[in-house]
Amino acid sequence: MSPEAIPLSYYRATVEYDGTDLLGFQIQSQGRTVQGEIEQVLHRLVQQPVRVVGAGRTDAGVHASGQVVAFRAPWKHTLPELFRAINALLPPDIAFRTLELAPADFHPRFSAIKRCYRYQLGLWPGHSPLRCRYAWEIGPGLDIDAMRRAAAHLIGVHDFATFGQPPQGEVTVRELFSLQLTQQEPWLYVDICANAFLRRMVRTLVTTLVEVGQGRRSEASVVALLRARDRGLAPPPAPAQGLILTQVVY
């Protein structure tokens, strides 16, 4: 039976990837991307082009343990066989964690009600070649209590225009559900969940909080940044390698 004669099934998958050597999620004309690598594998398996849609367009160097994708493809074998075949062909830095049939009205991006990221800060002194692949090496001495107080002002519905650009359109209002700082020496984890994020919003918020922890910025200045709604006032985003997309909730 030719691939064209096999009915299309709609699939949903949770994907994990190490973004170090990837140019982000979204396919580009040149270079390796998560979407591009998955589409190549599916094309090889079903012998026709397959478009993959993701829940979020992570930037170059950003990792994920809970990215969600969906695609339609003809497959005459079982779901477990497709799962194993995809993982057998994907490169070592990308893997499917789950694969299931999706409801017809499911959309990875538009059906999502909450997205969660973790940013990892390294509190160790000096440089760790192994750990720095997944962290921003800040070093010891952060005032974490001051960072928590500043973070509390960011919770809720706000115009976050200072902290990022909208992926499309001009709306910069987002609802931040939670922003928690957890210290587990020698790591500091910044876990943040919202209904959606602006581009580079998480990494810019992290830099802002780090500046508070270093005594370079006051708690009041964070509130002033939020109210200014001026992207030009924001600090640079934190390095990409510390950011992980951990969960998308539907």
Query raised in the report: Of all the residues that make up region 61-77, how many are farther than 27 Å from R200 by Cα and in contact (Cβ under 8 Å) with a residue 60 or more places away in the chain?
Result: 5
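For region 165-188, what are the residues that are over 30 Å from L130 (Cα atoms) and not β-branched (V, I, T)? I'd like the intermediate steps shown before the answer.
Kept after step one, since they are over 30 Å from L130 (Cα atoms), are these residues of region 165-188: 165-177.
If the condition is that a residue be over 30 Å from L130 (Cα atoms) and not β-branched (V, I, T), then Q165, P166, P167, Q168, G169, E170, R174, E175, L176, F177 are the ones that fit.
Considering only residues of region 31-57 that are in a loop (DSSP other than H, G, I, E, B) and more than 21 Å from the chain's Cα centre (by Cα), which is surrounded by the most Cβ atoms within 10 Å (Cβ to Cβ)?
V50
So in region 173-212, with the set limited to residues that are of a type in the set (D, E, K, R) and in contact with a strand residue (DSSP E or B) (Cβ under 8 Å, 6 or more places away or on another chain), which one is surrounded by the fewest Cβ atoms within 10 Å (Cβ to Cβ)? If you could, list the steps in order and put the result at the bottom.
Quick first cut of region 173-212, residues of a type in the set (D, E, K, R) only: 174-175, 185, 191, 199-200, 203, 211.
Checking the rest, the ones that are also in contact with a strand residue (DSSP E or B) (Cβ under 8 Å, 6 or more places away or on another chain) come to 174-175, 191, 199-200, 203.
Details: R174: 21, E175: 14, D191: 16, R199: 16, R200: 20, R203: 25.
Of everything passing the filter in region 173-212, E175 is surrounded by the fewest Cβ atoms within 10 Å (Cβ to Cβ).
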Query raised in the report: Of everything in region 78-130 that's touching a residue at least 40 places away in the same chain (Cβ under 8 Å), among the small types (G, A, S) and not in a loop (DSSP other than H, G, I, E, B), which residue is farthest from G54 (Cα to Cα)?
Result: G122
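Assigned to a strand (DSSP E or B) and either touching a Leu at 6+ places or on another chain (Cβ under 9 Å) or not assigned by TED's automatic domain parsing to the domain that holds S221 (or both) - does that describe any residue in region 135-151? Step through it out loud before you land on a result.
Step one: of region 135-151, the residues assigned to a strand (DSSP E or B) are 136-137.
From the residues that got through so far, the ones that are either touching a Leu at 6+ places or on another chain (Cβ under 9 Å) or not assigned by TED's automatic domain parsing to the domain that holds S221 (or both) too are 136-137.
Yes, because at least one residue in region 135-151 is assigned to a strand (DSSP E or B) and either touching a Leu at 6+ places or on another chain (Cβ under 9 Å) or not assigned by TED's automatic domain parsing to the domain that holds S221 (or both).
Which of the residues belonging to region 144-184 are of a type in the set (S, T, Y), within 24 Å of G232 (Cα to Cα) and within 19 Å of the chain's Cα centre (by Cα)?
Let us first name the residues in region 144-184 that are of a type in the set (S, T, Y), namely 162, 172, 178, 182.
Applying the additional criterion that residues be within 24 Å of G232 (Cα to Cα) yields 162, 172.
Once the filter is applied, which keeps residues that are of a type in the set (S, T, Y), within 24 Å of G232 (Cα to Cα) and within 19 Å of the chain's Cα centre (by Cα), region 144-184 yields only T172.
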Query raised in the report: If you check G215, G156, G141, which single one turns out to be without any contact (Cβ under 8 Å) to a residue 24 or more places away in the chain and either loosely packed, with under 13 Cβ neighbours inside 10 Å or out of contact with any helix residue (DSSP H, G or I) (no Cβ under 9 Å at 6 or more places or on another chain) (or both)?
Result: G156
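Suppose we filter V62, V68 for residues that are within 20 Å of I27 (Cβ to Cβ), out of contact with any helix residue (DSSP H, G or I) (no Cβ under 8 Å at 6 or more places or on another chain) and outside the structural domain of R200 (by TED's automatic domain parsing); which single one remains? Step through it out loud before you land on a result.
Working: V62 fails: out of contact with any helix residue (DSSP H, G or I) (no Cβ under 8 Å at 6 or more places or on another chain).
Testing whether each residue is within 20 Å of I27 (Cβ to Cβ), out of contact with any helix residue (DSSP H, G or I) (no Cβ under 8 Å at 6 or more places or on another chain) and outside the structural domain of R200 (by TED's automatic domain parsing) leaves just V68.
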Report summary line: So, first residue in the same structural domain as R227 (by TED's automatic domain parsing) in region 168-184, second residue of a type in the set (K, R), Cβ within less than 6 Å, six or more apart or across chains; the pairs are L181/R148
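Does region 25-67 hold any residues that are of a type in the set (D, E, K, R) and in contact with a Gly (Cβ under 7 Å, 6 or more places away or on another chain), and which are they? Can you show your working first?
Taking region 25-67 first, the residues of a type in the set (D, E, K, R) are 32, 37, 39, 44, 51, 57, 59.
Passing the criteria: R57, D59.
The values are calculated or read from the model by the stated rules, or taken from the named source; none is laboratory data. If you're wondering where the values come from, they're calculated on a predicted model, not measured in any experiment. Cβ atoms come from the backbone with ideal geometry, glycine included; neighbour counts cover every protein chain shown.
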